[in-house]
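I have placed the structure first, in the form of structure tokens, so that the comments after it can refer back to it.
The values are calculated or read from the model by the stated rules, or taken from the named source; none is laboratory data. Owing to the predicted nature of the structure, the values given are computational and were not obtained by experimental measurement. Ideal geometry is used to build each Cβ from the backbone, glycine not excepted, and the neighbour counts take in all protein chains shown.
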Amino acid sequence: MRNFCIYAVLLATVVLMVAPASAVSVLSDQNDVNKPVKLLQNSLAGHTGESNEPAASGELLNAVEVEGPNTPAGYIGGDAFNLGFSNLLKNYVDADGLVNYPKLRRFRGELNTAVEKFTNIKPEVYMTWSRNEKIAFWINAYNICTLKGIIDNYPIVPSKFMLLFYPANSVMHIQGLRDKTYFMVMGMQYTLDEIERDILLNKFEEPLTCFAVCYGTLGSASLRSEPYIGKVLNEQLAEQTKDFFAHPGAFRIDQTGGIVHISSIFKMYKWREESLVKKYGTNKLFREHTDVDKAILNLVKDYISEQNEEFLTRRQYSVEYGKYNWQLNEQPQNNN
């Protein structure tokens, strides 16, 4: 037995001697990076009861091999990063989700600094975050970049032609805000549509983010006066969805006429419809309606009153989509 132990020690020594120095260094650094990640994962799992998305070993190796201000000593967790936008949102967004655009324009340096944070975060750090932290990151990126796009064009100068279709303060007078304006995130350019369509809906397959991303309009989901964070993301999304359908412009039942009025936000983009059908499509309820209507009704029923849910599931009615409110989500000017 003694000879075996001696042999094992000698063998381990030989392995360390012949191993490249860089490999030993990487393994050592990897352990350093894992420490805060593991602590963060344990913290989040304890709060939500769900496991965080584990980082692949290859991703961690890449993380320690890339030098930058965020790794490894300067590592920042996803929730810590997202919470960095708290003051910005608290200072310029009220409880109703309305924005003080004149004030934000005067202090636009705060907004520019916030947008720069999305540019500077390292992909190898982002890789170590939980799924919910990543989703929160992209929602925050969408909303803050939307504010940036509006402030860069505020006060909005309306187009005479577009005034035939939209209010004078509508974001629709900002040409290409959603699909032709590029925002830098982790060193890559994204449009707002790409963030919502390609990342939040296609990659993460989370349709409830439709009630978290704000288009800068009164008809879209309202802007929270706090950032989204992974730790309570599920609760935030549920609250946003419930609040959205509480507005008559988003959901209303006309029992006398047998009509259910729903926001047209679901019908604005084909990819929104596809995302909803994929997750909420069902043949167990609402079979007399179209596939898109069935999916929307299946989603809506979980976020309305029991009385309204009973009407949806047991009564006969038609579904109509209302006119979208394109007015800017700005606070009344006399409050500025």
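Points to keep in mind about this one:
- The number of residues in the stretch 260-293 being among the charged types (D, E, K, R) and either touching an Asp or Glu at 6+ places or on another chain (Cβ under 9 Å) or on the phi > 0 side of the Ramachandran plot (or both) comes to 6.
- Near pairs, Cβ below 9 angstrom, 6+ apart or cross-chain, from the stretch 204-218 (on the phi > 0 side of the Ramachandran plot) to any residue that is part of a loop (DSSP other than H, G, I, E, B): Gly216/Ser170; Gly216/Ile174; Gly216/Leu177; Gly216/Leu223; Gly216/Asn329
- First in the stretch 314-330 and assigned by TED's automatic domain parsing to the domain that holds His247, second anywhere and surrounded by fewer than 18 Cβ atoms within 10 Å (Cβ to Cβ) and aliphatic (A, V, I, L, M), Cβ under 7 Å, 6 or more apart: Tyr317/Ile259; Ser318/Ile259; Glu320/Ile259
- Filtered residues of the stretch 80-115 (kept if under 15 Å from Tyr154 (Cβ atoms), in contact (Cβ under 8 Å) with a residue 40 or more places away in the chain and among the polar types (S, T, N, Q)): Asn100
- Residues of the stretch 264-283 satisfying the condition of being closer than 15 Å to Ala221 by Cβ and touching a helix residue (DSSP H, G or I) at 6+ places or on another chain (Cβ under 8 Å): Ile265, Phe266, Tyr269, Arg272, Ser275, Leu276
- Checked against the criterion of being under 16 Å from the mean Cα position of the chain (by Cα) and either under 17 Å from Ala212 (Cβ atoms) or buried (at least 20 other Cβ atoms within 10 Å of the Cβ) (or both), the stretch 86-96 contains one or more residues that satisfy it.
- Reported count of residues in the stretch 240-256, each being touching a strand residue (DSSP E or B) at 6+ places or on another chain (Cβ under 9 Å) and within 17 Å of Asp96 (Cβ to Cβ), is 5.
- Within the stretch 125-175, considering residues that are polar (S, T, N, Q) and in contact with a Phe, Trp or Tyr (Cβ under 6 Å, 6 or more places away or on another chain), the one surrounded by the most Cβ atoms within 10 Å (Cβ to Cβ): Asn140
- Some residue of the stretch 195-203 being assigned to a loop (DSSP other than H, G, I, E, B), surrounded by fewer than 20 Cβ atoms within 10 Å (Cβ to Cβ) and of a type outside the set (Gly, Ala, Ser): no
- Of all residues in the stretch 260-281, those satisfying the criterion of being touching a Lys or Arg at 6+ places or on another chain (Cβ under 9 Å) and touching a residue at least 24 places away in the same chain (Cβ under 8 Å) are Val260, His261, Ile262, Ser264, Ile265, Phe266, Tyr269, Trp271, Arg272, Ser275, Tyr280.
- Screening the candidates Ala250, Ala238 for the property of being surrounded by fewer than 16 Cβ atoms within 10 Å (Cβ to Cβ) and assigned by TED's automatic domain parsing to the domain that holds His173 yields one hit, Ala238.
- The stretch 143-167 residues that are of a type in the set (S, T, N, Q), paired with ones that are assigned to a helix (DSSP H, G or I) (beta carbon under 6 Å, 6 or more apart): Ser159/His173
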